[in-house]
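The values are calculated or read from the model by the stated rules, or taken from the named source; none is laboratory data. Everything quoted here is computed from the prediction, not taken from an experiment.
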Amino acid sequence: MDKTIREHDAVVLLRDVPESSLVAGDTGVVVYVYDNVPAYEVEFANPAGKPRFLVLTVEADHLLKLQPRGHVARSVA
């Protein structure tokens, strides 16, 4: 299962972002991948029910890549 996050991937936020209206569980789409730091520009649509979009730089360890429907990540013991 490919866990590499690329542009246009759907992601879920793993932690609240206190300086914005985003909370863990919000989903977004990666619009830019930084080359020199482990971070991404992510566009979140309609945060907190407001009719707007929010683009925010998010550290890599605060995101989880969402897999296409029907694909389940399995761990091998």
**Request:** Output the residue which, of all residues in region 38-58 that are at pLDDT below 85 and of a type in the set (G, A, S), is farthest from D26 (Cα to Cα).
**Result:** G49
**Prompt:** What tally of residues in region 1-30 results from selecting those that are among the small types (G, A, S) and in a loop (DSSP other than H, G, I, E, B)?
**Reply:** 4
